[in-house]
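Novice: First the structure, which I've put down as structure tokens, then a few questions once you've had a look.
The values are calculated or read from the model by the stated rules, or taken from the named source; none is laboratory data. Quick caveat: nothing in here was measured; it's all calculated off a predicted structure. Quick reminder, even Gly has a Cβ in these numbers, built from the backbone with ideal geometry, and neighbours come from all protein chains shown. These area figures cover heavy atoms from the full protein model, side chains too; ligands, DNA and RNA do not enter into them. Shrake-Rupley method; radii C 1.70, N 1.55, O 1.52, S 1.80 Å.
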Amino acid sequence: MTESTQLLCCHFDCGGQVRLSKVAPFVRSSLRFPFWSSHTNTNTKKFRVGSVKVQEADMNMVITSDNKIPHVLTVAGSDSGAGAGIQADLKACAARRVYCSTVITAVTAQNTVGVQGVDIVSEDFVAEQLQSVLSDMHVDVVKTGMLPSLNIVKVLCQSLRKFPIKALVVDPVMISTSGDVLAGPSVLNGFREELLPMADIVTPNIKEASVLLGDVPLKSVSDMRTAAKLIHDFGPRNVLIKGGDLPNSVDAIDVFFDGEEFYELCSLRVNTTNTHGTGCTLASCIAAELAKGSSMLSAVKTAKHFIGTALDYSRDLVIGNGAQGPFDHFLAFKNMNQSSSRQNRFNPNDLLLYAVTDSAMNRKWGRSIAEAVKAAVEGGATIVQLREKDTETRDFLEAAKECLKICRSYGVPLLINDRIDVALACDADGVHIGQSDLPASLTRTLLGPGKIIGVSCKTTEQAQQAWIDGADYIGCGGVYPTNTKANNRTIGLDGLKEVSQASKLPVVAIGGIGLSNARAVMEIGVPNLKGVAVVSALFDRECILTETRNLHALLSEAAFLIQ
Ligand SMILES: Cc1ncc(COP(=O)(O)OP(=O)(O)O)c(N)n1
Ligand SMILES: Cc1ncsc1CCOP(=O)(O)O
Ligand SMILES: [Mg+2]
């Protein structure tokens, strides 16, 4: 009857959603981005979630400016073998760098062979645990796992009504891989009638989706889409059906439905039996990313990538003698460099004043790259890109390391233009790539989910592809004519507007922009245009510091006025 065994075959479970009004501003603003506004319900976006070895950068907790740590409360069962349940949730949240508190609903005696016993915690004591945590601690997101009785579902719902949270992730643990029913018909009614209507996301596997719908068989991706829509009708804001158990599929395909659009998330099936606890881990990762402020789809993609990476690292691990072993949540981070990384991955508002260096300009003014970067970040640059077209690789790497130290000390992200190798070698925060560089999808696979990827786009098709490929932002231009980049077609403000409107990825405008025209760019009236990227207006000037300060002041005012 194990929650854990059950978890391995699926991996996303239902998560309810708190209604938008309950979602904290930072979550709400990211949810505001639909993806392609022109798409209809009949379209399905497909994208690939990489499953390669990833070096995550940071094991420190993500601490906000007011000293709060994103906080997930898991309400689930204990797994003595520590592969699934509460123990998996704790490990997943630690690996995703958020705090995790726990309310235990059942204690199971289990190992890699199976479940030997279950002791259900009384609903009164579940209520007491909920009260203890929620009355004292600031919980961002609640994630649920094994809820073994209807009364436990009811006390949970009561607590959620009493203590509003930002998001609710429901992993509808109902049935084990071996077919054991973990939640009877009355619990099912509790899910359908009380919990799911409160959920931001519900993450059933195929069997659970089938049970939720009254034992309707699901045999294909098309069935999964139909099921996602029907489960959405129970009230959760988003549905993720995990297709890990789908027969005859080379890929692990999950179907995500946000009430309007379907998305198919594909990843290579990892050939391992160490899959015990993937469902719990996936739901906890989603909860962790939501707690950090991610949009829902982005949280789901990151979580799926995390699972793929952890399974890949743990494929040959031997823990226990049973058929399905646990995996290691932390192996994926074995090479990480703790001290140097940024705490948050990407904030679109960082695009406001995007400083792009130029080696020829630095030579002309007799500056090193690091001197130029230091002046720019002191002046208020909110993100920096090293665009060193004619610097020797070895010198580029050394300069990048120096610039990274400077940028980290100011909390400013540093990206590398074109050179993914250099970005990886110095552990930069990400890269900016163009249409003739390595494809963005491959770049995402190489860099993993934790790095920032910007893609240059001049057309609406390129903008849509950038989203599919897993980019974080679009660099759009040249808006005005420029001498900095040869043979670069100018698209004007109209082109900028058209491209920006085609994708709700955040956009930064580039090309011929400076003090005289930055306001006009910012005023095109497209909410996802977040700032301007400039080269010569900062770096082909006598005093970088002054120019950056002036442009920053202008942009801050423009951003404030158009809010
Ligand atoms: C923010 C930003 N946007 C666009 C570009 C241009 O990139 P790309 O098209 O790859 O051209 P090069 O910069 O490599 O010449 C950019 N660098 N930054
Ligand atoms: C790299 C790049 N990509 C499009 S235009 C451009 C150059 C922008 O430089 P400047 O800000 O000096 O016009
Ligand atoms: Mg390029």
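Novice: Order 101-111, 480-490, 236-246 from most to least packed using the mean count of other Cβ atoms within 10 Å.
Specialist: So the peptides 101-111, 480-490, 236-246, ranked by packing, come out 236-246, 101-111, 480-490.
Novice: Sticking with this one: In Å and whole numbers, how far do the C-alpha atoms of the stretch 342-562 stretch along each principal axis, longest first?
Specialist: For the stretch 342-562, the Cα spread along each principal axis is 39, 39, 36 Å.
Novice: How much accessible surface does Glu547 have with a 1.4 Å probe, in Å² rounded to 10?
Specialist: Approximately 50 Å² of Glu547 is accessible to the 1.4 Å probe.
Novice: Pairs of alpha-carbon atoms within less than 8 angstrom and 6+ residues apart define the contacts here; what relative contact order does the stretch 342-562 have, in percent?
Specialist: 22 percent
Novice: Across bins of 5 angstrom width beginning at 0, how are the C-alpha pair distances of the stretch 425-495 distributed, in whole percent?
Specialist: Calculated P(r), rounded to whole percents: 3, 17, 26, 21, 16, 12, 6, 0.
Novice: Still on this model: Of the cross-linked pairs Lys242/Lys301; Lys143/Lys504; Lys301/Lys504; Lys143/Lys166; Lys219/Lys242, which ones have a Cα-Cα span greater than 20 Å in the structure shown?
Specialist: The pairs that break the limit, which is 20 Å between Cα atoms, are Lys143/Lys504.
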